[in-house]
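See structure below.
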Amino acid sequence: MPRSKIQDEGEVVRWMEEGKPYSWMVEEYKRKYNVETSISMWSNFRRRHDFEGRMARDPELVPWKVKEEHSWATPLTMLRLEARRRQGFPLRPQDETRLINWLDAVKLQQAVVHYDPDTEEGFFYVPREERDDDLIRRPLDG
């Protein structure tokens, strides 16, 4: 049976509670213990120890079932960052800057995000209408 790479479980629990990024944990374990780890190892530790997931889910900002080929589109990434911010999750400084710039641009353009899964692009910016009450064009079918 393989031995766990975890050197100090209490330390890892503290890092999880502090919200340390998995990439930081990988680097820190290499630096501190000269042990190679992976992001998936830390994610599995989080899941096995019942820590809250790190992906902010917000059906108000992302009400669509997004196709895999659209899952890394910039508008979706920005909506996910905004969901994290609204739910009180910490953002990396560079993500906070990207989000602020994106929110300013969307506001300046008086636009909202629209998703059409049946197109190659998937996400579009469309002019804000009176019915739009947030950053997205809500689907008419719920």
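The values are calculated or read from the model by the stated rules, or taken from the named source; none is laboratory data. Bear in mind that the values here come from a model prediction, so they are computed numbers and not experimental data. Reconstructed Cβ throughout: ideal geometry from the backbone, glycine too, with neighbour counts over all protein chains shown. Quick note on the areas: whole protein, heavy atoms, side chains included, nothing else; ligands and nucleic acids left out. Shrake-Rupley method; radii C 1.70, N 1.55, O 1.52, S 1.80 Å.
Would you please give the FRET efficiency between Ile100 and Glu60, computed as 1/(1 + (r/R0)^6) with r the Cβ-Cβ distance and R0 = 22 Å, to the nearest 0.05?
E(calc), rounded to 0.05, equals 0.65.
Pop out the ³J(HN,Hα) list for the stretch 102-119 in order, Karplus 6.51 cos²θ - 1.76 cosθ + 1.60 with θ = phi - 60°, rounded to Hz; leave Gly and Pro as x.
5, 4, 4, 5, 5, 5, 4, 7, 6, 10, 9, 8, 10, 10, 10, x, 8, 10
With charges set only on the Cβ (+1 for Lys and Arg, -1 for Asp and Glu), what does the dipole of the chain come to about its Cα centre, in debye to the nearest 20?
Magnitude of the dipole: close to 660 debye.
Modelling each spin label as a point 7 Å along the Cα-to-Cβ direction, I'd like the Phe89/Trp24 distance in nm, to one decimal.
1.5
Aspartates and glutamates near Lys32 by alpha-carbon distance under 16 Å, same-chain residues fewer than 8 away left out - which ones?
Result set, ordered by chain and number: Asp8, Glu9, Glu11.
Taking amide H positions as placed 1.01 Å from N in the peptide plane, with prolines and chain starts having none, which residues 5 or more places from Arg128, or on another chain, fall under 5 Å of its amide H?
When sequence neighbours closer than 5 places are left aside, the close amide H contacts are Ala111, Val112.
Counting only protein heavy atoms and using a 1.4 Å probe, what share of the accessible area of the chain belongs to carbon plus sulfur, as a whole percent?
Carbon and sulfur atoms account for 50 percent of the accessible area of the chain.
Would you list, by chain and number, the lysines whose Cα falls below 28 Å from the Cα of Lys65, excluding same-chain residues fewer than 8 positions away?
Of all the lysines, those that pass the test against Lys65 - Cα under 28 Å, at least 8 places apart if same chain - are Lys107.
For Ile136, enumerate residues with amide H under 5 Å from its amide H, sequence gap 5+ or separate chain, H modeled in the peptide plane.
Result for Ile136 returns Val113.
If the elastic network links every pair of Cα atoms under 10 Å, which of Arg80, Arg131, Arg98 fluctuates the most in the Gaussian network model of the chain?
Arg131
Given points 7 Å out from each Cα along the Cα-Cβ axis, report the Leu108 to Arg131 separation in nanometres with one decimal.
2.9
Mind computing the radius of gyration and Dmax over the alpha-carbon atoms of the chain? Å is fine for both.
Considering the chain through its Cα atoms, Rg and Dmax are 18.8, 62 Å.
Considering only protein heavy atoms, what per residue accessible area in square angstrom results for the chain with a 1.4 angstrom probe?
Averaged over the residues of the chain, the accessible area is 68 Å².
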